[in-house]
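*Asks:* Attaching a single structure in structure tokens format; questions to follow.
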Ligand SMILES: [Zn+2]
Ligand SMILES: [Zn+2]
């Protein structure tokens, strides 16, 4: 009896509620699927935005975000680091690319003017990150390197 019965719908798999009535008949209900049938989100009491979706916008977004990172990490265990390093290198060296990114972000901000929640999250994230000594060391090393490169370029021009 200790086993949890899971919903048999392929996309679901949630643990179900098992009821036994007085005559001993067993009914198995999946509350998530029941909510869906009533037009509600699978994960919260919000109404569904349309008939085809299973989750409200916020829950769908949260779920996508929660699934994406571990999936990508599993898929590209070593390459991920290489790709990140290459992107960082490009941001560092390619001024045209940096400018392109800057314009794109400006456009994005124009189109999403009220994403205050996201910005608040970013502020907290960066504040926490700045407290990390390893992060500070990395940033300082980077600044030193950039300064040295700039100096080298100036000397090259002067010579
Ligand atoms: Zn279900
Ligand atoms: Zn929801």
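*Asks:* Using a Förster radius of 30 Å, what is the FRET efficiency between residue 90 and residue 131 based on their Cβ-Cβ separation? Nearest 0.05, please.
*Replies:* Computed FRET efficiency for residue 90 and residue 131 comes out at 0.60.
*Asks:* Tilt of helix 79-93 relative to the longest C-alpha principal axis of the chain, in degrees (0 to 90, nearest 10)?
*Replies:* Roughly 40 degrees between the two axes.
*Asks:* Can you compute the FRET efficiency between residue 14 and residue 117 using 1/(1 + (r/R0)^6), with r the Cβ-Cβ distance and R0 = 30 Å? Round to the nearest 0.05.
*Replies:* With R0 = 30 Å, the Cβ-Cβ based efficiency is 0.60.
*Asks:* Then there's this: Would you report the distance distribution of C-alpha pairs in the chain as whole percents per 10 angstrom bin, up to the bin with the largest distance?
*Replies:* Bin by bin from 0 Å, the calculated values are 8, 17, 27, 19, 14, 8, 5, 2, 1, 0.
*Asks:* How would you classify the stretch 1-74 from its alpha-carbon gyration tensor, with a ≥ b ≥ c the square roots of the eigenvalues: rounded for a/c under 1.5, else prolate if a/b is greater than b/c, otherwise oblate?
*Replies:* It comes out oblate by the Cα gyration axes.
*Asks:* In the stretch 116-155, what is the volume of the convex hull around the alpha carbon atoms, normalised per residue and reported in Å³?
*Replies:* Convex hull of Cα atoms, per residue: 65 Å³.
*Asks:* Using only helices, what value at 222 nm comes out for the chain when you add -39,500 (n - 2.57) per DSSP H run of length 4 or more and divide by the total residues, to the nearest 500 deg cm²/dmol?
*Replies:* Counting only the DSSP helices, I get -21000 deg cm²/dmol.
*Asks:* Still on this structure: May I ask for the angle, rounded to the nearest 10°, between helix 116-130 and the longest principal axis of the chain, with both axes built from Cα atoms and the value confined to 0 to 90°?
*Replies:* In the chain, helix 116-130 runs at an angle near 60 degrees to the longest axis.
*Asks:* Can you give the FRET efficiency to the nearest 0.05 for residue 103 and residue 52, using r as the Cβ-Cβ distance and R₀ = 41 Å?
*Replies:* That pair, residue 103 with residue 52, gives E of 0.70.
*Asks:* Give me the log10 of I(q) over I(0) for the stretch 80-159 at q = 0.12, 0.26 Å⁻¹, as the Debye formula computes it from C-alpha points; what are the numbers?
*Replies:* Per q value, in the given order, log10 I(q)/I(0) is -0.57, -1.18.
*Asks:* Sticking with this structure for a sec: Compute the whole-percent fraction of alpha carbon pairs in the stretch 31-94 spaced more than 16 Å apart.
*Replies:* 61 percent
*Asks:* How far, in degrees from 0 to 90, does helix 57-75 lean away from the longest principal axis of the Cα atoms of the chain, to the nearest 10?
*Replies:* The angle comes out at about 60 degrees.
A short reminder: the numbers here are calculations on the coordinates, not readings from a lab. This one's a predicted model, so the numbers in the text were calculated from it and none came from an experiment. Note: ideal-geometry Cβ built from the backbone for every residue, glycine included; neighbour counts use all protein chains shown.
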